[in-house]
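For reference, the structure is listed below as structure tokens.
Bear in mind these aren't lab numbers, they're just calculated from the coordinates by the rules spelled out. Just so we're clear, the structure is a prediction, and the values are computed from it rather than from any experiment. Glycine gets a Cβ as well: all are built from the backbone with ideal geometry, and neighbour counts include every protein chain shown.
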Amino acid sequence: MIPAMDLHLLRSPPGVRFFRRHPSPAPLRRRFVTVSSILPFTKEKAKYHIELEAAVELVERACSLCIDVQRSLLSDGRILEKNDQTPVTVADFGVQALVSLELGKLFPSIPLVAEEDSGFLQSQNLVDLVVSAVSDKTSFHEESFSHADVLEAIDRGERTEFGTKPATYWILDPIDGTRGFVKGSKALYVVGLSLVVEGEIMLGVMGCPNWVVDTSHWSITGVQGYKNSSPGLGIIMVAHVGCGTWTKRLRHMLDSSFKPSSDWTRCFVDGCSLVHKANFCIPDSQAWESLPLSVFYDATTNDNDDIGDKEIRLLPFCCGSLCKYLMVASGGASVFILEVKPERVTKAWDHAAGMICVHEAGGKVTDWKGSELDLAADQVKRRIIYPAGGVLVTNGKIHQQIVEMISSSSTVVRR
């Protein structure tokens, strides 16, 4: 039973499924709507306004923790290697502990699904570093929580079990793109948090501390509507079902002398309607030649307009999946395509926050057969998803065309 403090989860009318499409902008045009507020929409419009406010505050604090840890630990070379060979740092565990502690206090009835468990951390004798990182960012008094509390908070995200019925829970990716994190300021990483209510994603928040404002392909300054902004100061993106996708500068900035704007600006996917004119993102670990669209198009990283009808432009950066969702939702890329590898498990936290941000920006997310991703497929843990073939994230306008091309690629003779 949900306690009194969470009754607003039950009193409001049923939420709109986040898969419902909203009108997208005219082709090849970007629209900007800017408002100044804690959130860019009112409580009356957003059923989970309280939860979203908490999520935004926690993701901003988590990004600040990441910046602090990155500054202090990378210089010491204290980088770990998990069993799956993905680099991980104290920030990974610190963010999970911080978010778990705070959500447990604010919404004690809502469980958390997250990536890390404390066993590895303890085996490396790094608990003290994590506790120190968390104590600087938590709302608790330092003396009010112990090492055991931090370890329990980390493990809370791994031990939750569900049944076959639709469930309500948070999904956290403490750092998506840890390879980018360990590279320092030149590569991107994202903190992602989302809320699933009775099986539907209702809100998502993504924070990218070192988001590069201007790239050779496009201008995030244009997407956000900011003027005279300096690069690399980070952004936070939020989405709530039925309320659109919005972004603003992170409050915890790399440069403490810079005072960020409190303006939220609405984001939309791009208007590209031709596959060969689209900007593509793919995982760093996958080659274009291994993907089914390679039978139709060659890939180029050429940043000028001289792209042939049999070529597509591949954006040659971004670490992690959520960063690529952020790219599509903000209009920086038209397509993110990921192939499921038999040897790798597809985790819910790599996609959940990005899914609602793309949908609320006017885009679409499915597997390679065009079916919606089922977050409840893993009935016990809600940690694993099983997309057929892979995951396809687009601006919506070319989605079905790409699904059909993937389906027909096996019958096409390679050029």
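Quick notes
- FRET efficiency for E57 and E343, using Cβ-Cβ distance with R0 set to 22 Å, rounded to 0.05: 0.05
- Spin-label pair Q286-S410: with each label point 7 Å from Cα along the Cα-Cβ axis, the two points sit 1.7 nm from one another.
- Peptides 118-126, 387-395, 278-286 ranked from most to least packed by the mean count of surrounding Cβ atoms within 10 Å: 387-395, 278-286, 118-126.
- The three principal axes of the Cα atoms in the range 275-413 give end-to-end lengths of 49, 34, 26 Å, sorted in falling order.
- Student exercise, the range 275-413 dipole from Lys, Arg, Asp, Glu Cβ charges, in Debye to nearest 20: 480 debye
- Checking the cross-link pairs K277/K347; K45/K381; K248/K364; K43/K324; K277/K369 against a 25 Å limit on the alpha carbon distance flags K277/K347; K45/K381; K43/K324 as lying beyond it.
- The label-point distance for T301 and K369, in a model that sets each label 7 Å from Cα toward Cβ, rounds to 3.5 nm.
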